[in-house]
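Only the coordinates and a few stated rules stand behind these numbers; no lab work does. Model, not experiment: these values are computed from the prediction. For neighbour counting, all protein chains shown are included, and Cβ atoms are generated from backbone atoms with ideal geometry for every residue, glycine included.
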Amino acid sequence: MTQALPASAADKPLEVWFQDEARIGQKGTLTRVWGRIGSRPRAPRDTRYEWAYIFGAVCPERAVGAALVLPYVNRQAMSLHLQEISRTVADGAHAVLVLDGAGWHVSPDLNVPGNITLLPLPPYAPELNPVENIWEYLRANNLAIRTYDTYDAILDACCEAWNNLVAMPARIASITSRDWATMS
């Protein structure tokens, strides 16, 4: 990992961050619920097509996260998210941001702040990105079995779910910590 770092990060403390996006919206997610054997519990299901994207990143070692809820995924949205992550990186530290190979992550026109180095995962390896477990947690505990009447309701639900998560630093650490992803 240290071979990917620029010379300017040589004497700085390093943080490992993980980043991904999740689509949340009217075409919702069902989840498992408890029910009597042989019963089929009812759950609301929306078939409309309006959604928002949570751009989320976490640093398991510091148990912090940075996110934006945006209406689209593209290079400009990713650049905004990188700026948000950059503001959350500890003062004087350099972040190694592990992410997948989505087109907006590897664009040569991406505006990467000086305190972040991007480290793409191998193709077809989402299990290596702990943020996938964050999405699973949020969908199971905050965002599943719901319908949204308006786009603003989708935005509010996304923001509320993320804010509830970052209010529990121990939960972030327990969901996303990996032995292979520490700098110490």
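Counting other Cβ atoms within 10 Å as a rough exposure proxy, the listed residues Ser79, Ser8, Ser39 run Ser39, Ser8, Ser79 from fewest neighbours to most. Give a quick list of chymotrypsin sites (Phe, Trp or Tyr not before Pro) in region 85-169 that DSSP marks as loop, anything other than H, G, I, E or B, with at most 11 other Cβ atoms within 10 Å. Sparse-neighbourhood loop chymotrypsin sites (Phe, Trp or Tyr not before Pro): Tyr124. Once the Cβ-Cβ distance of Arg171 and Ser86 is raised to the sixth power relative to R0 = 22 Å, the FRET efficiency obtained is 0.40.
In this structure the amide hydrogen of Trp17, modeled in the peptide plane, comes within under 5 Å of the amide hydrogens of Val96, Leu97, Val98, none closer than 5 places in sequence on its chain. Neighbour counts of other Cβ atoms within 10 Å put Ser174, Ser86 in the fewest-to-most order Ser174, Ser86. The overall shape of region 49-136, judged from the alpha-carbon gyration tensor, is rounded, with an a/c ratio under 1.5. Relative to the longest principal axis of the Cα atoms of the chain, helix 75-88 runs at roughly 70 degrees. Over the chain, DSSP H runs of length four or greater, each weighted -39,500 (n - 2.57), average out per residue to a 222 nm ellipticity of -7500 deg cm²/dmol.
Shown for His94, His81: other C-beta atoms within 10 Å of each C-beta, ranked fewest to most, produce the order His94, His81.
Taking Cα Rg over 2.2 N^0.38 Å as calculated from this structure, the corresponding entry among [x] 1.46; [y] 1.10; [z] 1.14 is [y]. Of all beta bridges that DSSP places with both ends in the chain, some 60 percent have antiparallel geometry.
If R0 is taken as 22 Å, the Cβ-Cβ distance between Cys159 and Asn111 corresponds to a FRET efficiency of 0.40.
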